[in-house]
There are 2 protein chains.
Amino acid sequence: MPQPVLSVGSLALDTITMPNGRTHGNVVGGSLAYFIHGASFFSPVRVVGAVGEDFPRKYLEGFKKRRADLLGLQILPGRTFQWHGTYLADMNNRVTDALHFGVLESFDPVVPEKYRDTKFLFLACLQPELQARVLDQVRGSPLAVCDTIEVYIRGHRPALDRVIRRCQGMIVNDAEAKLISGEDNLVKAAAGLRKKYRLSFLVLKKGEHGGLLAVPDGVFPFPAYPLARIADPTGAGDSFAGGFMGWLAKSGKTDLRNLKLATAGATAVASRACEGLSLSSLAGATPAGIRARAAEFVKMTRLG
Amino acid sequence: MPQPVLSVGSLALDTITMPNGRTHGNVVGGSLAYFIHGASFFSPVRVVGAVGEDFPRKYLEGFKKRRADLLGLQILPGRTFQWHGTYLADMNNRVTDALHFGVLESFDPVVPEKYRDTKFLFLACLQPELQARVLDQVRGSPLAVCDTIEVYIRGHRPALDRVIRRCQGMIVNDAEAKLISGEDNLVKAAAGLRKKYRLSFLVLKKGEHGGLLAVPDGVFPFPAYPLARIADPTGAGDSFAGGFMGWLAKSGKTDLRNLKLATAGATAVASRACEGLSLSSLAGATPAGIRARAAEFVKMTRLG
């Protein structure tokens with residue numbers, strides 16, 4: 001029986017401009033939206049988040065279709081968090097054109113009583129003070145894993161440090177790992193973060209170049225799933241985290257074997273996320289399809 | 001009994017400035033020098049190349065220690081090819097400060113009679129007209145594989161196209177693959193190059209991010225071996241090609257299983273090359289040590 005994953009993060013309405021100049025307005029986004037979809041292929045998801053009254057009902061229906069439990073979702077007066085971004089020619093870089101925090105400015109995450117004993121917890125990208133509020137409300141010793149971004153590393157460092165210290169794992173981008181650790185070499189950055197925060201595992205993501213899984217026994221590099229076409233890389237990292245945590249919750253184990261299988265499942269999810277605009281590709285994917293791609297990826301990367 | 005590999009390429013005296021400002025003058029370099037060392041862990045190497053009268057005898061002794069057959073090496077009046085380069089802060093980028101072609105200006109590769117039936121041939125980075133001269137002199141149908149760089153793609157395209165058409169495989173950097181194919185996506189670039197030149201296999205190298213092996217059955221991404229310290233990445237790609245061709249020659253097979261094992265062997269060699277200045281780290285490595293790292297890499301990258 002797969003265990004549920006509890007996650008807090010942002011839900012957003014994104015406006016994305018593609019390299020061809022075409023703009024897609026008010027599509028569903030946010031770290032939590034991608035996480036929900038990514039995790040749902042393996043495990044049920046319990047959601048703590050907030051949207052404004054403008055958040056389209058069809059997007060909430062989309063979360064429900066993915067088995068998401070929305071008991072912890074707050075619909076607040078005001079507007080949903082908005083992100084406007086533009087992708088540069090090669091799709092590997094993007095610029096943020098605008099951010100409107102909307103209801104996230106006053107969001108106070110409340111973990112429903114029913115959720116408080118959840119054993120797998122992911123703190124998706126959000127202000128560390130709000131991530132801490134969720135940690136405060138859960139009971140027992142869940143496997144807590146967090147993500148963060150540059151703005152919180154630079155502007156909320158003491159709060160972020162406290163959150164990471166309360167976590168067993170971390171899933172972040174390479175640039176963020178370098179920034180937090182002060183190490184330019186990724187192997188050293190992983191070792192530094194693991195030691196400083198006493199983490200059991202770390203995943204350092206490198207986008208189209210895959211990433212690095214780091215545990216006390218060593219580091220394990222992995223490539224990305226090769227795609228001939230990237231429709232929209234938005235949320236690939238968040239859906240990767242979803243696939244990763246969903247796998248761990250499903251297996252109930254965090255040994256090296258399952259961390260590696262989780263990496264394959266996460267890679268399958270993240271690559272699928274890139275194949276359509278916003279959540280469209282993940283919304284159309286099936287657990288069987290994701291499992292098949294994960295198995296293909298395991299085989300593809302086996303060198304001997 | 002491992003088969004020999006025949007290779008033509010450049011032998012150089014490099015002057016390398018490191019990010020800390022320290023300059024190392026007249027160290028041994030060139031595509032062929034790194035290739036020889038890389039291949040030598042698996043197979044004997046037959047060398048076609050040229051140096052000037054200034055090329056230190058100790059460097060020739062170094063090639064001999066690696067079982068290199070130097071019958072095809074010409075010692076010409078004049079100076080050895082020189083490359084001067086400076087690495088930028090993160091070691092992933094470098095600028096070429098100067099190139100002095102020296103004896104390579106008048107080099108006419110001659111393949112000794114004894115070498116002409118060699119079954120494994122690597123055309124390391126060199127003017128395509130000179131690569132073609134070697135192809136003209138070999139008999140039978142060797143497995144011919146080539147490398148090239150931007151300057152020849154832009155300035156010698158018709159000659160380069162003819163060389164690639166006479167090869168069964170290609171080992172090039174990602175940027176070069178994109179430039180030759182006109183495709184920005186690496187999966188598409190690999191497919192385009194394979195079809196256009198009717199290649200049996202391609203390896204697209206991405207430096208610290210590993211690369212992509214492409215065969216008619218599909219593409220197989222691989223990461224780089226994780227290093228906590230890069231002393232000098234010069235020649236990593238050439239030693240990768242050496243390890244790759246050396247493995248194929250040793251196994252005598254080019255099926256997918258051996259292409260994948262060759263990739264692991266090549267990755268072990270390339271990572272070792274980065275651990276010391278110039279050829280120092282490879283010169284100190286043993287076949288057993290390289291095999292152990294290749295086996296470690298196979299295990300490390302196995303996800304399930």
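Read-outs: derived from the displayed coordinates by stated rules, not from any lab. Not measured: the values here are computed from a predicted model. Here Cβ is always computed from backbone atoms with ideal geometry, including for glycine, and neighbour counts include all displayed protein chains.
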#### Entry: Within segment A:248-285, considering residues that are of a type in the set (S, T, N, Q) and more than 18 Å from A:PRO221 (Cα to Cα), the one surrounded by the fewest Cβ atoms within 10 Å (Cβ to Cβ)
A:SER280
### Task
Could you please let me know if A:ALA288 is free of Cβ contacts under 8 Å to residues at least 12 places away in the same chain, farther than 29 Å from A:GLN82 by Cβ and either more than 8 Å from every other protein chain (Cβ to nearest Cβ) or surrounded by 21 or more Cβ atoms within 10 Å (Cβ to Cβ) (or both)?
yes
### Message
Considering only residues that are in contact with a helix residue (DSSP H, G or I) (Cβ under 8 Å, 6 or more places away or on another chain) and under 14 Å from B:PRO216 (Cβ atoms), which ones fall in segment B:171-199?
### Response
B:ALA190, B:GLY192, B:LEU193, B:LYS196, B:TYR197, B:ARG198, B:LEU199
### Task
Can you confirm whether segment A:260-273 contains a residue that is of a type outside the set (Phe, Trp, Tyr), touching a residue at least 24 places away in the same chain (Cβ under 8 Å) and either over 26 Å from B:ALA214 (Cα atoms) or in contact with a Pro (Cβ under 7 Å, 6 or more places away or on another chain) (or both)?
no
### Query
Which residues, taken from segment A:77-111, are part of a loop (DSSP other than H, G, I, E, B) and more than 23 Å from A:ARG57 (Cβ to Cβ)?
A:LEU88, A:ALA89, A:ASP90, A:MET91, A:ASN92, A:ASN93, A:ASP108, A:VAL111
### Query
Which ones in segment B:248-278 are within 13 Å of another protein chain (Cβ to nearest Cβ) and either aliphatic (A, V, I, L, M) or under 15 Å from B:GLY29 (Cβ atoms) (or both)?
B:LEU256, B:LEU259, B:LEU261, B:ALA262, B:ALA264, B:ALA266, B:ALA268, B:CYS274
### Task
Provide a single number: the residues in segment B:204-247 that are among the aliphatic types (A, V, I, L, M), within 13 Å of chain A (Cβ to nearest Cβ) and surrounded by 22 or more Cβ atoms within 10 Å (Cβ to Cβ).
5
### Task
Go through segment A:291-304 and give me each residue that's more than 9 Å from chain B (Cβ to nearest Cβ) and of a type outside the set (D, E, K, R).
A:ALA292
## Note on the structure
Within segment A:151-178, the residues that are more than 14 Å from chain B (Cβ to nearest Cβ), crowded, with 17+ Cβ neighbours inside 10 Å and assigned to a helix (DSSP H, G or I) are A:TYR152, A:ILE153, A:LEU160, A:VAL163, A:ILE164, A:GLU176
### Summary
Requiring at least 1 residues that are among the acidic types (Asp, Glu) and over 20 Å from B:GLN131 (Cα atoms), the strands (runs of 3 or more DSSP E) wholly within segment B:1-68 are B:12-17
## Note on the structure
Residues of segment B:183-201 being more than 14 Å from chain A (Cβ to nearest Cβ), of a type outside the set (D, E, K, R) and in a loop (DSSP other than H, G, I, E, B), in sequence order, are B:LEU199, B:SER200
### Query
Is there a residue being touching a Pro at 6+ places or on another chain (Cβ under 8 Å) and surrounded by 18 or more Cβ atoms within 10 Å (Cβ to Cβ) anywhere in segment B:75-84?
no
